[in-house]
Amino acid sequence: MLEDINVFSVIAKHQSFSKAARELELSTPVVTRRLARLEKLLGTRLLNRTTRNVTLTEAGSLFYLEVNDILAALEATKESVISLTRKVTGTLKVGLPYAFNQCYVSKSLNNFLAQYPALKIQIESGSYLLGLLNSGFDLVIHCGNLPDSNYYFKKLGKMKRIICAAPSYLEAFGTPQTPEDLLLHNCLGSDNSSSTPNLWTFQENGKDKEILVNGNVSSTNGFDLRTLAVNGVGIVYIAHYIASNEIDSGRLIPVLENHQKYLDVYAVYPSAKFLSKKTQLFLDFVTDLIKPLLV
């Protein structure tokens with residue numbers, strides 16, 4: 001039965017019998033027979049198929065969600081047992097916020113790899129990386145709101161953010177006293193808590209408040225925003241650790257400190273509960289790195 005469930009899962013993933021057959025290295029008739037055997041055992045149709053399309057039935061959708069966790073659990077258990085007698089191997093695919101990767105992960109990764117020299121790591125860095133989970137990635141570290149409740153995640157904590165600008169900018173254009181004042185300023189996107197670059201979120205009387213600001217430059221790279229702010233281009237809203245040195249030196253001045261909203265940090269992964277050994281080890285490594293940044 002387990003082989004038949006696995007065949008069904010691969011068909012549902014690709015929505016194709018032929019693609020499933022290629023991945024499983026089976027003939028299409030064998031794949032078809034195994035699905036039919038599973039449907040007969042369950043007493044219900046799992047897939048609707050025509051000459052052009054393969055879609056999940058209502059029962060198939062429910063079964064697909066459930067069996068994916070079961071298959072992931074079995075794979076994780078297998079890896080755990082194997083790891084007792086074998087080194088951690090394989091390729092780990094992870095998505096990381098660009099600034100966090102540059103400031104912390106890349107600088108410490110050699111220490112992690114020294115412990116697991118047989119492991120290969122593929123890193124994609126940037127913003128809004130959750131889509132990577134649909135293309136075989138094992139883990140994404142995400143800062144900001146989770147747009148889809150269907151993601152499986154572990155909340156790592158909250159990170160301090162800062163609204164700041166150069167002294168030269170504030171001298172030329174004034175210092176905002178309320179979030180609404182930002183509508184009169186050049187606000188450089190983006191606020192990484194939102195997929196909308198210029199939608200900034202604040203705290204006011206214990207409640208969230210969103211302001212759609214305007215600016216002549218937008219970037220998802222916190223380092224670029226910091227450089228632009230230091231050079232007096234405008235006001236930025238970025239993770240505190242990116243701007244901490246510039247704030248300490250006076251090259252950037254915090255504003256609206258009572259209105260800043262903390263940034264949630266999540267580890268997001270494809271399976272509800274079961275992480276592979278290599279994924280769990282890397283998550284532990286990242287968690288230790290990020291702890292000093294959390295509040």
* Structure fact -> If each K or R counts +1 and each D or E counts -1, the residues other than residue 15 whose Cβ falls under 12 Å of its Cβ total +4
* To do: Please report, in debye to the nearest 20, how large the charge dipole of the chain is about its Cα centre when each Lys and Arg carries +1 at its beta carbon and each Asp and Glu carries -1 there.
  => 1260 debye
* Take peptides 140-147, 107-114, 222-229, 57-64 and line them up by average Cβ neighbours within 10 Å, highest first, as a rough protection proxy. => 222-229, 140-147, 57-64, 107-114
* Structure fact -> Taking the convex hull of the alpha-carbon atoms of the chain and averaging its shadow over every direction gives an area in square nanometres of 19.2 nm²
* Asked: If you line up the long axis of helix 58-83 against the longest principal axis of the chain, both from Cα atoms, how many degrees apart are they, to the nearest 10?
  -> 80 degrees
* Asked: Listed highest first by mean packing, meaning other Cβ atoms within 10 Å per residue, what order do 152-162, 24-34 come in?
  -> 152-162, 24-34
* Which Cα, out of 102, 280, 168, lies furthest along the positive dipole direction of the chain (beta carbon charges, K/R +1, D/E -1)? -> 280
* Fraction of accessible area attributable to carbon and sulfur, region 101-168 (%, probe 1.4 Å) -> 46 percent
* Asked: Over all distinct alpha-carbon pairs, what is the Kirkwood Rh of region 1-129 in angstrom?
  -> 17.6 Å
* Structure fact -> With every protein chain in place, the accessible area of residue 175 for a 1.4 Å probe, in Å² rounded to the nearest 10, comes to 70 Å²
* **Mean shadow area of region 114-187 over all directions, Cα convex hull, nm²** => 9.1 nm²
* Under a straight-distance cross-link criterion of Cα-Cα below 16 Å, which lysines are reachable from residue 87, leaving out those fewer than 8 residues away in the same chain? -> 78, 120, 277, 278
* **Farthest toward positive dipole pole in the chain [+1 Lys/Arg, -1 Asp/Glu at C-beta], among 240, 203, 267** => 267
* Asked: If you wrap a convex hull around the Cα atoms of region 172-285, how much volume per residue is inside, in Å³?
  -> 141 Å³
* To do: Express as a percent, rounded to the nearest 5, the fraction of DSSP beta bridges in the chain (both residues included) that run antiparallel.
  => 70 percent
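The values are calculated or read from the model by the stated rules, or taken from the named source; none is laboratory data. Predicted model only: the values in this text are computed from it and were never measured. Note that we place each Cβ from the backbone using ideal geometry, even for glycine, and neighbour counts take in every protein chain shown. Accessible surface areas use protein heavy atoms only, side chains included; no ligands, DNA or RNA. Shrake-Rupley method; radii C 1.70, N 1.55, O 1.52, S 1.80 Å.
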